[in-house]
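The values are calculated or read from the model by the stated rules, or taken from the named source; none is laboratory data. A quick note: this is a predicted structure, and the numbers were derived from the prediction, not measured. A quick note on method: Cβ atoms are made from the backbone with ideal geometry, for glycine too, and the neighbour counts reach across all protein chains shown. Side chains are part of the model used for accessible areas, which takes the heavy atoms of the whole protein and leaves out ligands, DNA and RNA. Shrake-Rupley method; radii C 1.70, N 1.55, O 1.52, S 1.80 Å.
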Amino acid sequence: MAASIKKVSPASARAHTRKKKQGSSLSLPPGMFKMISLVVLVGLAAWFYKVIQPPAPAICGTPNGPPVTSSRIKLRDGRHLAYMEAGVPKAKAAHKIIYIHGFASCKHDLLPVSPDLAEELGIYLVAFDRAGYGESDPDPKKSVKSTALDIEELADQLSLGPKFYVTGFSMGGELTWGCLKYISHRLAGAALIAPVGNYWWPGFPANVSKEAYSMQLAPDKWAVGVAHYAPWLTYWWNTQTLFPSSSVIAKRIEIFSDADLKVLSKFQGRPYTAYVTQQGLFETLHRDMIVGFGSWEFDPLDLDDPFPGKEGLVHLWHGTEDWIVPVILSQYVSQKHPWIKYHEVPGAGHLFPLADGMADAIVKALVQGKN
Ligand SMILES: *[C@@H]1O[C@H](CO)[C@@H](O)[C@H](O)[C@H]1NC(C)=O
């Protein structure tokens, strides 16, 4: 070891010091310094840009993707939409209902309507995987409007006739507003079940959106804030491990009320959990957050009655013990829109449609409940 230590003579050490001193006393030309900073900055930006890019989705039916096992239709832009039917055959049906699933869910989460009720009232149900979920192709242009148009196309390709019902749960409830806005002429009625509210709809008074926002856990405040203000950072934010990301994605137990804990096993124990996001997290969960909490091109709080001639009715259901979507949002919405039939369910949590009898009650009110 000692042999490898270079002997430094006092003279050369002095020369070295002198050189160093000279070097430090010579300042870099200002242009040079700017140049180096720029190179470092560009390098960092390029690295960061790469890190925040979501990976490409694994599209169903492609060599790198999962297999196609569902019935699917081909949409206007070539995307496939997977669907699943239930209830009575549509040829026999008196009422046709399209179900819009929530966040981190899929067509298999269709409202569990009992066969007896379906038979008694002649109810046909169809659920579809929203773009990017399950076996439906991702839609990089996904929006509230594109989802409504997917629904209209599904109805037409399945020949559901001029009118059908829509019902959406949670984030699917939020997307139901898009149906009321863009395809209300096709609707026989609608039910919004524990619908997510967007804190950035301008029609919410500041105190209502602030209070609802503050009821979320800190990680969710951040997650929805990032989705709204920096959508390009959503993938990174929700996959990094430095800061806690969405507790809804993480399904942290604190977000469930006692009422939810009673039915939670029905939700957590779903055998198709892997199917939901099999094409990737970005085109499912992250894009949902970007669409749901983005800046909308219309404000549901400004919407006029989509059924001015009483040709249909809009139902809004919300549980008072919902810790995931605060009930005060639906309370305000129903107060603002007297044409909404509001059903507040005392003691119910967010997952109440899974509680015994609830799905039947919701569907019964939908198809029979003309005011
Ligand atoms: C918001 O303010 C209005 C008017 O002051 C009040 O009536 C309402 O109860 C408040 N809502 C909430 C959720 O704080």
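To keep it simple, each residue is scored yes or no on (1) open to solvent by 50 Å² or more (accessible area, probe 1.4 Å); (2) on the phi < 0 side of the Ramachandran plot.
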site	(1), (2)
Phe48	yes, yes
Gln53	yes, yes
Ala58	no, yes
Gly61	yes, no
Asn64	yes, yes
Pro67	yes, yes
Leu81	no, yes
Lys96	no, yes
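Select from region 313-338 the residues that are of a type in the set (S, T, N, Q) and either within 14 Å of Trp177 (Cβ to Cβ) or not in a loop (DSSP other than H, G, I, E, B) (or both) and list them in ascending order.
Ser330, Gln331, Ser334, Gln335
Within region 237-244, can one find any residue that is away from the ligand (no atom under 16 Å from the Cβ), modelled with pLDDT under 95, out of contact with any strand residue (DSSP E or B) (no Cβ under 6 Å at 6 or more places or on another chain) and of a type in the set (Ser, Thr, Tyr)?
Yes, the conditions are met somewhere in region 237-244.
Within 16 Å of the ligand (Cβ to nearest atom) and under 21 Å from Gln331 (Cα atoms), is that true of Ala191? Write out each step before concluding.
Numbers: within 16 Å of the ligand (Cβ to nearest atom): no; under 21 Å from Gln331 (Cα atoms): yes.
Taking the combined requirement at face value, the residue does not satisfy it.
Is it the case that Asp322 is within 16 Å of the ligand (Cβ to nearest atom) and open to solvent by less than 40 Å² (accessible area, probe 1.4 Å)?
yes
Any idea how many residues of region 273-288 are more than 14 Å from Lys141 (Cα to Cα) and either open to solvent by 20 Å² or more (accessible area, probe 1.4 Å) or in contact with a helix residue (DSSP H, G or I) (Cβ under 6 Å, 6 or more places away or on another chain) (or both)?
Residues flagged as more than 14 Å from Lys141 (Cα to Cα) and either open to solvent by 20 Å² or more (accessible area, probe 1.4 Å) or in contact with a helix residue (DSSP H, G or I) (Cβ under 6 Å, 6 or more places away or on another chain) (or both) within region 273-288 amount to 7.
With in a strand (DSSP E or B), more than 16 Å from the ligand (Cβ to nearest atom) and either charged (D, E, K, R) or touching a residue at least 24 places away in the same chain (Cβ under 8 Å) (or both) as the only criterion, which of Lys310, Lys364, Lys341 stands out?
Lys341
Given the conditions (1) open to solvent by less than 30 Å² (accessible area, probe 1.4 Å); (2) more than 16 Å from the ligand (Cβ to nearest atom), report the number of the one that Tyr182 does not fulfil.
Status for Tyr182: all satisfied but (1).
Filter region 147-175 down to residues that are of a type in the set (Ser, Thr, Tyr) and crowded, with 21+ Cβ neighbours inside 10 Å and give me whichever is nearest to the chain's Cα centre (by Cα).
Checking each candidate, the answer is Ser170.
For Ala230, indicate whether it is without any contact (Cβ under 8 Å) to a residue 40 or more places away in the chain, within 28 Å of Ala148 (Cα to Cα) and surrounded by fewer than 16 Cβ atoms within 10 Å (Cβ to Cβ).
Judged against the criteria, Ala230 is a match.
Do we find a residue being open to solvent by 10 Å² or more (accessible area, probe 1.4 Å), more than 16 Å from the ligand (Cβ to nearest atom), out of contact with any strand residue (DSSP E or B) (no Cβ under 6 Å at 6 or more places or on another chain) and charged (D, E, K, R) anywhere in region 195-215?
Looking through region 195-215, none of the residues is open to solvent by 10 Å² or more (accessible area, probe 1.4 Å), more than 16 Å from the ligand (Cβ to nearest atom), out of contact with any strand residue (DSSP E or B) (no Cβ under 6 Å at 6 or more places or on another chain) and charged (D, E, K, R).
Only one of these conditions is not met by Trp222: (1) open to solvent by less than 50 Å² (accessible area, probe 1.4 Å); (2) part of a helix (DSSP H, G or I); (3) within 23 Å of Ile324 (Cβ to Cβ). Which number is it?
Failed condition: (1).
Condition first: within 16 Å of the ligand (Cβ to nearest atom), closer than 30 Å to Ile362 by Cα and at pLDDT 95 or above. Can you find one or more residues in region 273-285 that meet it?
Looking through region 273-285, none of the residues is within 16 Å of the ligand (Cβ to nearest atom), closer than 30 Å to Ile362 by Cα and at pLDDT 95 or above.
Is there a residue being more than 15 Å from the ligand (Cβ to nearest atom), free of Cβ contacts under 8 Å to residues at least 40 places away in the same chain, farther than 27 Å from Phe256 by Cα and surrounded by fewer than 17 Cβ atoms within 10 Å (Cβ to Cβ) anywhere in region 289-300?
No, the conditions are met nowhere in region 289-300.
What are the residues in region 326-371 that are open to solvent by less than 50 Å² (accessible area, probe 1.4 Å) and hydroxyl-bearing (Ser, Thr, Tyr), if any?
Selection gives Ser330, Tyr332, Ser334.
Of the residues that sit in region 233-290 and are over 18 Å from Met215 (Cβ atoms) and of a type in the set (Asp, Glu), which one is farthest from the chain's Cα centre (by Cα)?
Glu283
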